[in-house]
Structures are given as C-alpha cells and as structure tokens.
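Colleague: The structure that follows is given in the form of structure tokens.
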Amino acid sequence: MNKWQNIWQNKRKDFEMSNDFFENYKKLKKANGFDVLVEDGYYEGLYNDFIQTFDVINEHCANISSVYEVGCGSGVNLYILQKVFNLNRLKGGGL
C-alpha cells in the first residue's frame, strides 16, 4: 500500500460539531484531506473561493432551492449552502 492510502485510511472520520461555523468548516475540509496547511488563512481562501463561485452561479440561476452535489466527500460544501445561504433541500452522493 502506498503512503497516501495509509494516511487516508487513518483519517479521523468522526468529530464533534460545535457552534463555531468556521471551526466546523475546517474540520470538514480536513476530513476531505485538505489538511496540508493548517493556518486559518488557507481555509479562509478555500471558503472565499466557494462563496464567490456560488454567488456567480446564484446570479445566473436565480431562486436556487435545492442542490445535489456529486462527490460531496464530507459534505463541507453542502454545510456552507445550508448555513450561509439557508438552503435546506440538499443531498450528496457519488456515482
């Protein structure tokens, strides 16, 4: 088994969610393997990129009421959509 597979298999899959949105966001990103850099600026950049992308999509596809994300991993993007954009009809899965 290569080193990456060993690291991935030993990743923590369970953790406590808190009332701190950004801490939960970082935990979910880390669960997806985005833990190379652990500084808040790294996660803030990823978060801001997602917000900008969704804002553009939302601008051109008004009244989005549901989202299905293929390959959602830990569900971090769905978490943002629920908490920031108040979308509640969310699903995720793989092919």
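Colleague: Please work out which residue is nearest to Ser18 (Cα to Cα), limiting yourself to segment 74-92 and to residues that are in contact with a Gly (Cβ under 8 Å, 6 or more places away or on another chain) and of a type in the set (Gly, Ala, Ser).
Modeller: This residue is Gly75.
Colleague: Of all residues being outside any helix (DSSP H, G or I) and out of contact with any helix residue (DSSP H, G or I) (no Cβ under 9 Å at 6 or more places or on another chain) in segment 70-83, which is modelled with the highest pLDDT? Just the residue, please. Can you show your working first?
Modeller: Of all residues in segment 70-83, those outside any helix (DSSP H, G or I) come to 70-75.
Keeping just the survivors that are out of contact with any helix residue (DSSP H, G or I) (no Cβ under 9 Å at 6 or more places or on another chain) gives 70-71.
Details: Val70: 92, Gly71: 86.
Step by step, filter segment 70-83, then rank; the result is Val70.
Colleague: How about segment 47-83: which of its residues are touching a Phe, Trp or Tyr at 6+ places or on another chain (Cβ under 8 Å) and either buried (at least 16 other Cβ atoms within 10 Å of the Cβ) or under 17 Å from Lys29 (Cβ atoms) (or both)?
Modeller: Tyr47, Phe54, Val76, Asn77, Tyr79, Ile80, Leu81, Lys83
Colleague: Those residues that are modelled with pLDDT under 90, aliphatic (A, V, I, L, M) and surrounded by 10 or more Cβ atoms within 10 Å (Cβ to Cβ), I need them from segment 84-95; list them, please.
Modeller: Listed by number, the residues that qualify are Val84, Leu87.
Listed here are the residues, each with its yes/no results for (1) touching a Gly at 6+ places or on another chain (Cβ under 8 Å); (2) at pLDDT 90 or above.
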site: Gln5; (1), (2): no, no
site: Asn10; (1), (2): no, no
site: Lys30; (1), (2): no, no
site: Val38; (1), (2): no, no
site: Asn48; (1), (2): no, yes
site: Cys61; (1), (2): no, no
site: Tyr68; (1), (2): yes, yes
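The values are calculated or read from the model by the stated rules, or taken from the named source; none is laboratory data. What you are looking at is a predicted structure, and each value in this text was computed from that prediction instead of being measured. Because the Cβ atoms are built from the backbone with ideal geometry, glycine has one as well, and the counts that use them run over all protein chains shown.
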